[in-house]
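Note sheet for the following structure.
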Amino acid sequence: MDILAVVVPCYNEEDMLPITFESLRNKLNELIDKNKISPESFVLYVDDGSKDKTWELIEAENKSHKDVKGLKLAGNVGHQFALTAGLVFAKDISDISISIDADLQDDIDVFEQMIDLYHDGNDIVYGVRNKRKTDSFFKRFTAQSFYRLMNFFGAKTIYNHADFRLMSKRALEQFSKYGEENLYLRGIVPLIGYKTECVYYDRKVRVAGESKYPLKKMLALAIEGITSFSVKPIRYIVFLGIVSVILSLAAFVYALVSFFMKTVEPGWTSLIVSIWFLGGVQLISIGLIGEYIGKIYMEVKRRPRYNIEKFTS
Ligand code: UDP
Ligand code: MG
């Protein structure tokens, strides 16, 4: 039977953890009783350099329950890296992993469905939020703009999916080959390419502690996502340059007409035409240089170029 590792990144979660411990423990036992997962399954809590009692709580929980493991990072590296640390660590000692936030806003009752879908041959199962009625209007609006912006700039992501997902061991193995420094998990996972499926659930409100993702961090994540996955913004510069050159033609006609109608000061015509034209040429040139930089950027990531799914001899 498959060993399940539930990976939970935690940053200053002392208020939340006692509740999380109990819920996850019960869920794991329930799944074990139903023979869905191996009795060796465990929950791995990753302490992302918390400043409160998070680690002490994890240690205590580990002492009293053998199905709980703890991983303490030496400093705060942020949600994405903390989760990666946990996943990469878990992949050698488990067969399936499910990543979930410590606040359990994501529904642990869909674990079972995720595992069933895994047994149906899916290597990745995304948890997708049905509605966002429990989030404030502001959070909902900013989060939705986030996905729109991401897609517009060419970083394909699963709509309304955060980092709540199941990944098989081999999906994690392929994932760990992405050695990039600018890490945006939601963008990388779809690149792995195995068969995937989604499960839907309603996101709950945070019952204890407060959100560690204020607007500032969300914006940082959006910029990270866009700039790590696409060089489209550079392409828009070229586009802007072309528009500018076209406008310079219009400006040229307008300036000529004004010149012959003698409604302008001498010198204005040549100035205005040069400004538009040179501006356009400069933008196109910057964009072209950018295209090359974009190539270099993609190249230095050294991403795996393919992922072999099966081989028949
Ligand atoms: N988190 C982390 N490191 C950080 C910030 C957050 O490991 O620097 C964890 C946090 O403990 C939680 C998860 O990331 O388990 C998501 O954070 P949160 O629930 O505050 O975000 P929100 O749900 O409000 O977007
Ligand atoms: Mg949360």
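The values are calculated or read from the model by the stated rules, or taken from the named source; none is laboratory data. These numbers were taken from a predicted model, which means no experiment stands behind them. Cβ placement follows ideal geometry from the backbone for every residue including glycine, while neighbour counts extend to all protein chains displayed. Note: accessible area is taken over every heavy atom of the protein model, side chains too, but ligands, DNA and RNA are not part of it. Shrake-Rupley method; radii C 1.70, N 1.55, O 1.52, S 1.80 Å.
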If we ask which residues in region 206-230 are assigned to a loop (DSSP other than H, G, I, E, B) and more than 10 Å from ligand 1 (Cβ to nearest atom), their number turns out to be 3
Check on Tyr194, out of contact with any Leu (no Cβ under 6 Å at 6 or more places or on another chain), in contact (Cβ under 8 Å) with a residue 12 or more places away in the chain, open to solvent by 60 Å² or more (accessible area, probe 1.4 Å) and not basic (Lys, Arg):
no
Scanning region 210-230 for residues that are open to solvent by 40 Å² or more (accessible area, probe 1.4 Å) and either in contact with a strand residue (DSSP E or B) (Cβ under 9 Å, 6 or more places away or on another chain) or of a type outside the set (Lys, Arg) (or both) gives Glu210, Ser211, Tyr213, Pro214, Leu215, Leu219, Ala220, Ile223, Glu224, Thr227
The residue that is farthest from ligand 1 (Cβ to nearest atom), considering only those in region 75-114 that are in a loop (DSSP other than H, G, I, E, B) and among the acidic types (Asp, Glu), is Asp95
With respect to Asp33, is the statement that it is more than 16 Å from ligand 2 (Cβ to nearest atom), acidic (Asp, Glu) and touching a strand residue (DSSP E or B) at 6+ places or on another chain (Cβ under 7 Å) true?
no
All conditions in (1) surrounded by 14 or more Cβ atoms within 10 Å (Cβ to Cβ); (2) out of contact with any Gly (no Cβ under 7 Å at 6 or more places or on another chain); (3) not hydroxyl-bearing (Ser, Thr, Tyr) are true of Val199 except (2)
Requested in this report: Determine whether region 7-17 contains at least one residue that is on the phi < 0 side of the Ramachandran plot, in contact with a Phe, Trp or Tyr (Cβ under 6 Å, 6 or more places away or on another chain) and buried (at least 18 other Cβ atoms within 10 Å of the Cβ).
Outcome: yes
With the first residue restricted to region 75-88 and required to be under 17 Å from Lys169 (Cβ atoms), and the second required to be more than 7 Å from ligand 1 (Cβ to nearest atom) and of a type in the set (D, E, K, R), Cβ contacts under 7 Å at 6 or more apart or on different chains are Leu83/Asp163
Looking for something part of a helix (DSSP H, G or I), within 18 Å of Arg165 (Cβ to Cβ) and open to solvent by 10 Å² or more (accessible area, probe 1.4 Å) - is there at least one such residue anywhere in region 52-69? no
Subset of region 183-229, residues within 16 Å of ligand 2 (Cβ to nearest atom), touching a helix residue (DSSP H, G or I) at 6+ places or on another chain (Cβ under 6 Å) and of a type in the set (Phe, Trp, Tyr), comes to Tyr201
Residues in region 70-105 that are open to solvent by 60 Å² or more (accessible area, probe 1.4 Å) and either under 20 Å from the mean Cα position of the chain (by Cα) or within 17 Å of Met16 (Cα to Cα) (or both) total 4
Residue pairs within 6 Å by beta carbon, gap of at least six or interchain, first lying in region 133-144 and under 15 Å from Tyr159 (Cβ atoms), second modelled with pLDDT of 75 or more and assigned to a loop (DSSP other than H, G, I, E, B), listed first then second, are none
Picked from region 231-265 (must be assigned to a loop (DSSP other than H, G, I, E, B) and out of contact with any Phe, Trp or Tyr (no Cβ under 9 Å at 6 or more places or on another chain)), the residue surrounded by the most Cβ atoms within 10 Å (Cβ to Cβ) is Val264
Scanning region 111-130 for residues that are under 16 Å from Leu31 (Cα atoms) and open to solvent by less than 10 Å² (accessible area, probe 1.4 Å), the one farthest from ligand 2 (Cβ to nearest atom) turns out to be Ile115
